[in-house]
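Okay, so here's the structure we're looking at.
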Amino acid sequence: MKNNKSFYDVCIVSFSSPDTDARTINFVNTLAKSGRKACLIALEGRNPHRDYNFDLITIPTDSQSRVITQWYKFTRSIRRLSGAIEAGIVVAEDLYSLPAASKMSRRWNARLIYDSREVYSALGPIHDKKTKQRVLTFIESRYVRHVNEFIISGKLDEKSLRRQFNTDKPFHVVMNLPPFKAHIESNLIRERFTIGRDKFIALYQGAILPGRGLDLSIGAINYLSNVHLCIIGDGPYLSKVKNDVKELNIGHKVHFTGEIDYSDLHRWTCSADIGLALFESLSKSYELALPNKLFEYCMALIPTIASDLPAMRQVIDEFKTGELFDMALGASELAVAIEEMLVPERLMAFRESCRGASKRFSYESQEEKILRIIDGG
């Protein structure tokens, strides 16, 4: 019966776990803090009983199943769920949640907002899998017809996506930024992996996927006697990366943490000396990348070596929070770039630039914009 339904101002749908999807959690928290009644429908994570200031509805998933199977079950579960809740606005947080969110919005006669956080028709991890790209493009084109407004991560995405979607509907830029956290003194990585204070730590955090510069980073560490690499994250490329480390016999200075809960990530990040954000130009999605890690590193006061790609170039050039690297130069030149960044005087100057930029690059700077989008302003 209708009286048994739960009513929300906004229902957010995400085909990911709240443990690791920082962009979605930041978005929902913004709504909840402002007094909007919000619910998040997401995949069940490792910590399903954590308290949030919004309603969390989790969909069980089998991590051993194929992604297509998980996706199908996720969509079916939401279809059944949509009879028990209702909202005035539905937000699809990724392409994989868009079909279910679209059906919910039509059932409830609700506004549909699509967070097109990636150029899904040209994802880096499937740049060489044309059939998968065509399937994703077809699914996206089918359901964007029902979208009322779009959210994107950077202004450079709009031109490409507006042409692809053939739409004149509104696009809103919400940058992929972390909530502000003051820098903390931390030796967590050194303590966890017994690394001496005479050694430096380079950090990679994020999904372990092809095209993220991990092969190059490992190759560079092989040249450096005084630098360790810490890799935070998980993904389908992890076994390949670990095998490369084993073949190079550098397991003593390349360390893997697996996935870290987002609430603990800042403490880990603060314990490194520099961060790596090395996207290869494999696809349009990677070419336009402006990853969250760029700003997480900044907030931790560690400078970044980033790919010389348009969106990251704009940030690095303006705020001097790191240096750009031409990926074509290879591992030996990356090793040189790391050594040069670790010169104490340069490292200190970069840290001060990060300190100045960190508050500007916080999710709080996006909150007013998010509320305007939700309010239709």
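What to note about this one:
- Qualifying residue in region 334-345 (condition: assigned to a strand (DSSP E or B) and either more than 30 Å from Ser160 (Cα to Cα) or assigned by TED's automatic domain parsing to the domain that holds Ser17 (or both)): no
- Where helices (runs of 4 or more DSSP H) sit wholly within region 184-276, those with at least 3 residues that are aliphatic (A, V, I, L, M), buried (at least 18 other Cβ atoms within 10 Å of the Cβ) and modelled with pLDDT of 95 or more occupy 214-223.
- Scanning region 17-42 for residues that are aliphatic (A, V, I, L, M), modelled with pLDDT of 85 or more and within 16 Å of the chain's Cα centre (by Cα) yields a count of 3.
- Search result, residues across region 298-331 that are out of contact with any Gly (no Cβ under 8 Å at 6 or more places or on another chain), in a helix (DSSP H, G or I) and more than 17 Å from Ala272 (Cα to Cα): Pro310, Met312, Arg313, Gln314, Val315, Asp317, Glu318, Ala328, Leu329
- Search result, residues across region 346-373 that are among the hydrophobic types (A, V, I, L, M, F, W, C) and either in contact with a strand residue (DSSP E or B) (Cβ under 6 Å, 6 or more places away or on another chain) or part of a loop (DSSP other than H, G, I, E, B) (or both): Phe361, Ile373
- Taken together, Tyr114, Tyr96 contain a single residue that is part of a strand (DSSP E or B) and hydroxyl-bearing (Ser, Thr, Tyr), which is Tyr114.
- In the set (1) assigned to a helix (DSSP H, G or I); (2) of a type outside the set (D, E, K, R); (3) within 24 Å of Ile250 (Cβ to Cβ); (4) modelled with pLDDT under 95, Gln164 fails one condition alone, (3).
- Long-range neighbours under 6 Å by Cβ, at least six apart or interchain, first residue over 15 Å from Asp273 (Cβ atoms) within region 229-255, second among the acidic types (Asp, Glu): Asp234/Glu259
- Checked against (1) surrounded by 13 or more Cβ atoms within 10 Å (Cβ to Cβ); (2) farther than 25 Å from Leu371 by Cβ, Arg66 meets all criteria but (1).
- Here is the figure for region 54-66: residues that are at pLDDT 85 or above and either out of contact with any Gly (no Cβ under 8 Å at 6 or more places or on another chain) or of a type in the set (D, E, K, R) (or both) total 6.
- Scanning region 160-174 for residues that are out of contact with any Phe, Trp or Tyr (no Cβ under 8 Å at 6 or more places or on another chain) and among the hydrophobic types (A, V, I, L, M, F, W, C) returns a single hit, Val173.
The values are calculated or read from the model by the stated rules, or taken from the named source; none is laboratory data. From a predicted model like this one, the values you see are computed outputs, not experimental measurements. FYI the Cβ positions are ideal-geometry reconstructions off the backbone, even for glycines, and counts take in every protein chain you see.
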